[in-house]
Structures are given as structure tokens and as C-alpha cells.
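Okay, structure first, notes after.
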Amino acid sequence: MQKLMLLSLIIVFTFAGPLKPGDVLEIPHQAINATDEVVPQPVNPIVQQLFEASKNCDWVRYDQLLKEWKNQLPPSETNGPNEVEINIEQNPILRWGEDKIIYAGDVAYNPWALENEAISVDHYRGDTLRAAVVIADSALLVFQSNDNGMTWQGLMGWSASWMFYEPEIINDPQGRWYHVFYRASTNNGDVRVLTDSLAGGWYGFWIENTSDTVENYTVCSDRADHPDNYWLYCAFHNKRGGQGYDRIRFTRSFNFGLNWETPTAILINGAGYPDLAYGDNGYLYITRIFNAVNDTNYIRVTPSSDRGNTWGSHVTIQSDTTTKLGPQIAAAHDGSGDVWLVWARNYPNTTPSNYDLLWSWSQDFGSTWSNWRYLDGLNREHTILPSISVYDASGYHSPYVSYNAVDTVGTNPKVYTTYWQTDSTWADRSTYNDSVPQISIRPAQTWEFEGIPALAYVGEGGRNVYYDAWSMGGVEEEKATKPKQVLLSHNQPNPFTNRTRVQYYVPQDGRVSLKVYNTLGKEVVKLVDEYKKAGAYSFTLNREELGKDILPAGVYFLKLEVNNAKVTRKIVIQ
């Protein structure tokens, strides 16, 4: 926050040329002082055969090869050498009308750095979510919600002699285990993964534990394509002397985090701040900032078509001498080849300075990219630290983005969200956060359950971790005149095909609004919008009367607003 308060601006909107939506521009590589080389890696023949067996769904052969691969590696650890399991007695308060608290207390972060990631949230399955939080007194905690984020309980925790930073959590979609990654303060920043088998016990593995400095790291999985036998991927920024010398190393695990390949350099000569994303059909993408020795800073993307066995040529998306913050990347899982990239850039040649949010889009698995454009560029705000994601399951398309914004005198901070629209644009931004965020910590973009976006963020001063989702809709039942009266009952039946009955209560005379929204937060149909006397009411939602083309089968939200009270219920049409 102190750093941001020094940043203020004057900015004039300058949009990127006359390029039309959908136009794609292949941007040539820069030749001078821009040798962010892709390092060819020798492919382990067993790994190549693992890739082929997985692609062909030959799981018998896959298991045989996996045993051979494990025999080549040093044994994994069980119950790490200095980590101690701790019991979590954390029961966050359920605060109706405000965001839900995952963790109440201080998190571990550097207030002078703008690349902090102190939290991570991941959907599990059904109504279950998990979150990883690093706290200020050197511990790593895992929380779980079994009711779509409404309440959270402590699940697991570790303490150690070192500090924990940048947690990442990845759940096994089959429910066998979950993986918690972190960067440690040991050896200038080691990277470690802890896997809890849930059946009893956990094991840890040092992905990087040399004396080389690790500035930051990124992880992902290919569970969207391979929910039964997914691979885990990790890349980290290996600091080797700064500008022109830093590199990115990459590694994979083929057996759910138990063993990992020896990390190898895939990008050299100044690459840093990486982010990984898996799409589908074996495509993996890595983006990063490349700092050239001539002070030019590049945003680049490199694709792999074979799950990281080999890497293609990098593409420069945008370059100039301005400061840029770590780019974030996400890819569709529906075979379209769509990939999205967002990043923050300090607007050039302005005094005082201003950060804007930029984006670019590929429609061919990362080979070519559209010209960059503004996702958010108000001349009175810094828009920074975006987090982007696509629901991580086969067949899903369209990303959501969450990001921080603060005016140029460092006041009125907000967390905003936006989503991709079919006309190649982003929806108007919205904010649902009720608490003040810590602007220098990146929010976590996640999903509440299948297809429903959500986010988590850290409160002002690095205190408390909050969770919010569109489906919560600003629930404020406790603010009603008669708080014990249910404002909106669950519709019956639910799911339904043609008709369902809705009952609601008006605690005092006032304007009543009852609307149906789709999973993108768009209003689909208005059922009630009128002044009503206090009392109980009922309503029959009849698809035949409304028109089934208006409400096709799927998931929707029924939102009631009565004066200052709001409540949302999920409805399902079969």
C-alpha cells in the first residue's frame, strides 16, 4: 500500500489501433537484445512413452512405465523433515450480508512487493471447496467448505522452522488427495509440495532445494483432460543475476506429486514471473516477463503441444520499457484452441504514473495472438494483479478475471471481476467485495462449483481472508425487520422441468424485485417488480408460459430484493 500511494497519474484513453474483434496479429520476434531462448530438452524415452500411453488411454502400459520411471528417481519423502502437522481450531464467523471469512488473522506477505500471492482456493467437487493460506506466524493452513463457501472449517496445517509463501492448492477431482504447494524461505526460496492422501498420512517433495534463488513459481494440472491420471506441472523463476540472466525451470510429476522430474531450464536470458495453464489435447502454455539487457520488457507466451515434452517458439505479445506486473494465462477446455492472457502495465510517458490492465487472445493454441487491448484503463485508477481462470473440466470455455483497483492517491481499493463475452469483448466490471482489500496481494480467481465463478481476497493490512461468489448475491437476511423469517424459500420442486413453486416474505412495505439470472450473472427474466405490502407471497414459475427458449435446461439463480434485503437461491431446470 505504501508503494502504491506514491503512484498517481494522468492518463488519456489510448486504444490499440483499428483492429476489429477476432482479428489476429502474429507479432514477430524481437531480434536485438531479446534472446529469451527456448532451450531444447532431451526427452526421456520413458516419459515419451508415458505420454503416448496416456494419450491412447492404455493404462496398463502406463502403470508399467510409471514403475520404470519411479525407479530412475530418488525416493520421495514422507512427513517432511522439519514440518509439523498442526490442528486448526479456526471456525470463521458466518457474516450474512458480507463476504464470508475463510481465515481470521494476519497473512504472510511483503507490503512493498506487488507480486504477492498469500492465498489459493480450488473447487473440489459437488459443494466442496478448499483454500490454502500462509499466515504471519510461519504456518500453512488448509480450510474446507462443504456448502459452496458459506462456512469454512480448518482441515489441515503445517508449521516449520522456515517461512511459507505463495501457496497453491490443487484438488484431485476423484477425491483421493489434494496438493498444497508453497515457496519456502530456505536456500533463497525453495519450492515444495505437500500431498495429503486423505486415507491417512501425507508426503512432501522438494521440487527445488538448491542454493539458487527462486523469485516465484507457478503450478497447474491437466485434470480437465485426465481426471483419473492427471499430471502436475511446475515452473519457477530461477534468479541468476537479474536482467538478461534469469531463467525459468520446469518440472512434472506423473504420479500425483509423489515424485518429480529433475527441473530443467526451458527459458533463459532474462525470463521471470511465469504462469502456467493447461488447455486440452496436450497443450500447455507458459507466459512470463522477459527483461532484456536494453531495458525493454516483453510479455511473451510459449506453447507446448505435448504436455511439456517439447516447447515451441515464443511469441511476443507486447513490449516497451515500461514496468509490467506478472502476466496470467488461461485456456479453454473445449477443443477451440482459445487462450487468454492478461497483465498490468505502467502507462508510458505519464507523470505521475498509472497502471492499466491489458489483454490478448489466441484462437489457434497459442501460435498467433490478437493485438493487445485495454481490459481496464481508467485514468483515475491503478488496475493491477489480475487472476484469470476457466472452470477446470472438459468442455468448458470462457474465462473470468479478478483484479485489484485503487485510485491514484491510494484510496478506495476494490476487487473487480469481469468475464469473457461471445462477441470477443469483456463484460462491464462488477465488484461484490464488502471488505477493504490489501491492494498489493493478488486476489484468487476460482469457481464455487460447476460453472459458477467465485473469488477470494485478503483484507486491508494483510488481515483476514474473504470469500465471495456471484451466487451469494449480497445475501442480507439478518438486516430484515424480522430476521427469523425466511425471505425466500427454496423452490419446490428443484430440479424441475416445467413448473416450480416459489414462496417469499416481505418484512415491511416496499419495492419487491424477483428475477432469474444465468450463471454469467445476466438477467434472464423478471418475475416480480412492484410495490408490495408486508406479508407472505407465493409465485409459480411456469416455463411454458414464459417460453422454454427463454429458460432452457441448466443452472440459474433466483434473486429476491426487498428494500435493503437480498437473497439468492440456485434453481436447476432439467
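The values are calculated or read from the model by the stated rules, or taken from the named source; none is laboratory data. Everything quoted here is computed from the prediction, not taken from an experiment. Neighbour counts are summed over all protein chains in view; Cβ atoms, including those assigned to glycine, are modelled from backbone coordinates with ideal geometry. Heads up: the accessible areas ignore ligands, DNA and RNA and are worked out on the full protein's heavy atoms, side chains in. Shrake-Rupley method; radii C 1.70, N 1.55, O 1.52, S 1.80 Å.
Restricted to segment 146-191, and to residues that are of a type in the set (Phe, Trp, Tyr) and in a strand (DSSP E or B), which residue is modelled with the highest pLDDT?
Looking at the filtered set, the residue picked out is PHE181.
What is the number of the single condition among (1) more than 13 Å from the chain's Cα centre (by Cα); (2) of a type outside the set (Val, Ile, Thr); (3) over 22 Å from ASP338 (Cβ atoms) that SER424 does not meet?
(3)
If you go through segment 529-549 one residue at a time, do you hit one that is within 27 Å of TRP420 (Cα to Cα) and hydrophobic (A, V, I, L, M, F, W, C)?
no
Could you check THR351 against (1) among the β-branched types (Val, Ile, Thr); (2) modelled with pLDDT under 90; (3) within 15 Å of the chain's Cα centre (by Cα) and say which number it fails?
(3)
Quick grid of which residues meet (1) more than 28 Å from LEU357 (Cβ to Cβ); (2) among the small types (Gly, Ala, Ser):
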| position | (1), (2) |
| --- | --- |
| THR264 | yes, no |
| TYR278 | no, no |
| ILE299 | no, no |
| SER305 | yes, yes |
| HIS314 | no, no |
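When you scan segment 321-367, how many residues do you find that are free of Cβ contacts under 8 Å to residues at least 60 places away in the same chain, open to solvent by 10 Å² or more (accessible area, probe 1.4 Å), in a strand (DSSP E or B) and within 30 Å of ARG307 (Cβ to Cβ)?
So the answer is 1.
Mind listing just one residue for me: the one in segment 91-118 that is open to solvent by 10 Å² or more (accessible area, probe 1.4 Å) and under 16 Å from the mean Cα position of the chain (by Cα) and, of those, modelled with the lowest pLDDT?
Residue satisfying both the conditions and the ranking: GLU115.
Kindly indicate the residue of segment 158-171 that is open to solvent by less than 30 Å² (accessible area, probe 1.4 Å) and closer than 24 Å to CYS220 by Cβ and also farthest from the chain's Cα centre (by Cα) among those meeting that condition.
Per the criteria, the residue is TRP158.
Can you find a residue in segment 476-486 that is at pLDDT 65 or above, of a type in the set (Val, Ile, Thr) and in contact with a Phe, Trp or Tyr (Cβ under 7 Å, 6 or more places away or on another chain)?
No: zero hits.
Which condition number does VAL401 fail, the rest of (1) touching a Lys or Arg at 6+ places or on another chain (Cβ under 8 Å); (2) not in a loop (DSSP other than H, G, I, E, B) being met?
(1)
Need a quick list: strands (runs of 3 or more DSSP E) entirely within segment 216-271 having at least 2 residues that are polar (S, T, N, Q).
Ranges flagged: 247-253.
When you scan segment 350-364, do you find a residue that is polar (S, T, N, Q) and at positive phi, even just one?
Scanning segment 350-364 turns up no residue that is polar (S, T, N, Q) and at positive phi.
Which one of ALA553, ALA536 is free of Cβ contacts under 8 Å to residues at least 24 places away in the same chain and open to solvent by 60 Å² or more (accessible area, probe 1.4 Å)?
Among ALA553, ALA536, only ALA553 is free of Cβ contacts under 8 Å to residues at least 24 places away in the same chain and open to solvent by 60 Å² or more (accessible area, probe 1.4 Å).
Has segment 124-145 got at least one residue that is at positive phi, among the hydroxyl-bearing types (Ser, Thr, Tyr) and either at pLDDT 85 or above or assigned to a loop (DSSP other than H, G, I, E, B) (or both)?
yes
Can you say whether ARG463 is at pLDDT 85 or above, under 17 Å from PRO167 (Cα atoms), of a type in the set (D, E, K, R) and crowded, with 20+ Cβ neighbours inside 10 Å, as far as the supplied structure shows?
No: the conditions fail for ARG463.
Among the residues of segment 148-157, count how many are under 20 Å from the mean Cα position of the chain (by Cα) and either open to solvent by 30 Å² or more (accessible area, probe 1.4 Å) or not polar (S, T, N, Q) (or both).
3
THR500 is checked against (1) at pLDDT below 80; (2) among the polar types (S, T, N, Q); (3) buried (at least 21 other Cβ atoms within 10 Å of the Cβ) and fails just one. What number does that condition carry?
In the conditions (1) at pLDDT below 80; (2) among the polar types (S, T, N, Q); (3) buried (at least 21 other Cβ atoms within 10 Å of the Cβ), THR500 misses (1) alone.
Examine segment 193-208 for a residue that is part of a loop (DSSP other than H, G, I, E, B) and closer than 16 Å to ILE170 by Cα, and state whether such a residue exists.
Yes, there is a match, as at least one residue in segment 193-208 is part of a loop (DSSP other than H, G, I, E, B) and closer than 16 Å to ILE170 by Cα.
Looking at segment 556-570, which of the residues that are within 28 Å of the chain's Cα centre (by Cα) and among the hydrophobic types (A, V, I, L, M, F, W, C) is surrounded by the fewest Cβ atoms within 10 Å (Cβ to Cβ)?
Looking at residues that are within 28 Å of the chain's Cα centre (by Cα) and among the hydrophobic types (A, V, I, L, M, F, W, C), I get PHE557.
I want to confirm something. Restricting to segment 394-422 and keeping residues that are more than 15 Å from ASN354 (Cα to Cα), of a type in the set (Gly, Ala, Ser) and touching a strand residue (DSSP E or B) at 6+ places or on another chain (Cβ under 9 Å), which single residue is modelled with the highest pLDDT?
Going through the qualifying residues, I end up with SER402.
Counting only residues that are in a loop (DSSP other than H, G, I, E, B), of a type in the set (Gly, Ala, Ser) and at negative phi, how many does segment 404-443 have?
3
All but one of (1) open to solvent by 60 Å² or more (accessible area, probe 1.4 Å); (2) touching a residue at least 40 places away in the same chain (Cβ under 8 Å); (3) part of a strand (DSSP E or B) hold for GLU530; which doesn't?
(2)
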